1. Determine whether the stretch 96-104 contains at least one residue that is surrounded by fewer than 20 Cβ atoms within 10 Å (Cβ to Cβ) and not in a strand (DSSP E or B).
2. What tally of residues in the stretch 93-136 results from selecting those that are of a type in the set (Gly, Ala, Ser) and within 17 Å of Gly243 (Cβ to Cβ)?
3. In the stretch 105-126, what residues are of a type in the set (S, T, N, Q) and outside any helix (DSSP H, G or I)?
4. How many residues does the stretch 152-165 contain that are touching a strand residue (DSSP E or B) at 6+ places or on another chain (Cβ under 6 Å) and surrounded by fewer than 16 Cβ atoms within 10 Å (Cβ to Cβ)?
5. Taking strands (runs of 3 or more DSSP E) that do not extend beyond the stretch 127-224, which have at least 1 residues that are among the polar types (S, T, N, Q)?
6. Can you tell me which residues in the stretch 74-95 are assigned to a loop (DSSP other than H, G, I, E, B) and either closer than 18 Å to Leu303 by Cβ or of a type in the set (Phe, Trp, Tyr) (or both)?
7. Please specify each residue of the stretch 276-298 satisfying the condition of being on the phi > 0 side of the Ramachandran plot and at pLDDT 95 or above.
8. Hey, any hits in the stretch 66-78 for a residue that's modelled with pLDDT under 95 and within 16 Å of the chain's Cα centre (by Cα)?
Amino acid sequence: MMLRESALLFVVCIFGVAAGCTDLPSKHQGQSGANAPAGQTQAETPATATSTTDAKPASQSDGDPVLVGAGDIATCGQLEGAEATAKLIDKIPGTVFAAGDLAYPDGSDDQFAKCYGPTWGRFKDRTRPAVGNHEYHSDGASGYARYFGAAAGDPKKGYYSYDLGAWHIIVINSECDQVGGCDAASPQGKWLQQDLADSKATCTLAYFHKPLFSSGGKHGNDPVMKPLWQALYQAGAEIVINGHDHDYERFAPQDPDGKADPTRGIREFVVGSGGKDSHRAFAASPQPNSEARNADAYGVLQLTLHAKGYDWEFVPEAGKTFADSGSGTCH
């Protein structure tokens, strides 16, 4: 009798309907900080990437929207990096952000068609782009505007916003001299303040090309972006994503002055790791609050946007082992 009952329980467990059956372990587990595999690259501490994570949101559900992408992507004549990151996004559903400098060297019609198109152009129908400095090498970013059309917002502005699940997403134009400045009294500054005031979303994320904070050896901090960062901070924004320096970097939540602020601060990611193969190096000393850095692997940032928080994961190109992941809550 005992044998018959054991056999019956075994069969029922296969179909997952018996109380007391043990769930199978997840095939993919996010890795964070010191638990990440060996072989990572980080400025000054090459053995591992440091990842300090907030508590996981209490309420998360399957099917929450995913936002995935990078900046600094397709270089004509050197598409290996762009193809490597495109293969990652092939396997990741969701909305794609493209954080500027998308078709090197000049963002022309021909470069978008022949270089961005065969790689990240595979996701054009689910991409919401941000404009970068290289796009403006072509007559007011006209090649970029023609390629993306309405998905890139008003071509004379290059800034816009949209909602994704419970989140409000803001796309900013960091080429300030092209749109009348980035100070609080500029057209873009006034628009941003009004857009934030009008939003009813619990959580807010912004992305644009040039970072306010960066440990990158080529460009580093861009203080011109501080007034817009200030508006985001005052409105309680959670995340800012940038590119420009061709590396990956994650900062702890901080205020616009670069002071750690775990309660109200914005977490910034620099994700210029989309495929451009140049100036992939950090300055000798990292910026304050920099928690994880890598200049060795192309890759994309994947964000899962929950109703009251978010999960992040840097997904590296095939053959690289750098990992950075964690979770945060909305303010």
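1. Going through the stretch 96-104, the residues surrounded by fewer than 20 Cβ atoms within 10 Å (Cβ to Cβ) turn out to be none.
Looking for residues that are surrounded by fewer than 20 Cβ atoms within 10 Å (Cβ to Cβ) and not in a strand (DSSP E or B), one finds none in the stretch 96-104, hence no.
2. Step one: of the stretch 93-136, the residues of a type in the set (Gly, Ala, Ser) are 94, 98-100, 103, 107-108, 113, 117, 121, 130, 132.
Narrowing further to those that are within 17 Å of Gly243 (Cβ to Cβ): 98-100, 103, 107, 130, 132.
Matching residues across the stretch 93-136 total 7.
3. So the first thing to find is which residues in the stretch 105-126 are of a type in the set (S, T, N, Q), and the list is 108, 111, 119.
Listed by number, the residues that qualify are Ser108, Thr119.
4. So the count comes out to 1.
5. Details: elements: 127-130, 160-164, 167-171, 203-207.
Strands (runs of 3 or more DSSP E) meeting the threshold: 127-130, 160-164, 203-207.
6. Taking the stretch 74-95 and keeping what is assigned to a loop (DSSP other than H, G, I, E, B), we get 76-77, 79, 91-94.
Listed by number, the residues that qualify are Lys91, Ile92, Pro93, Gly94.
7. First, pick out the residues of the stretch 276-298 that are on the phi > 0 side of the Ramachandran plot: 279, 289.
Result: Asn289, single match.
8. Among the residues of the stretch 66-78, at least one is modelled with pLDDT under 95 and within 16 Å of the chain's Cα centre (by Cα), which makes the answer yes.
The values are calculated or read from the model by the stated rules, or taken from the named source; none is laboratory data. Given the structure is predicted, the values throughout are model-derived calculations rather than measurements. Virtual Cβ from ideal backbone geometry, glycine too; neighbours counted across all protein chains shown.
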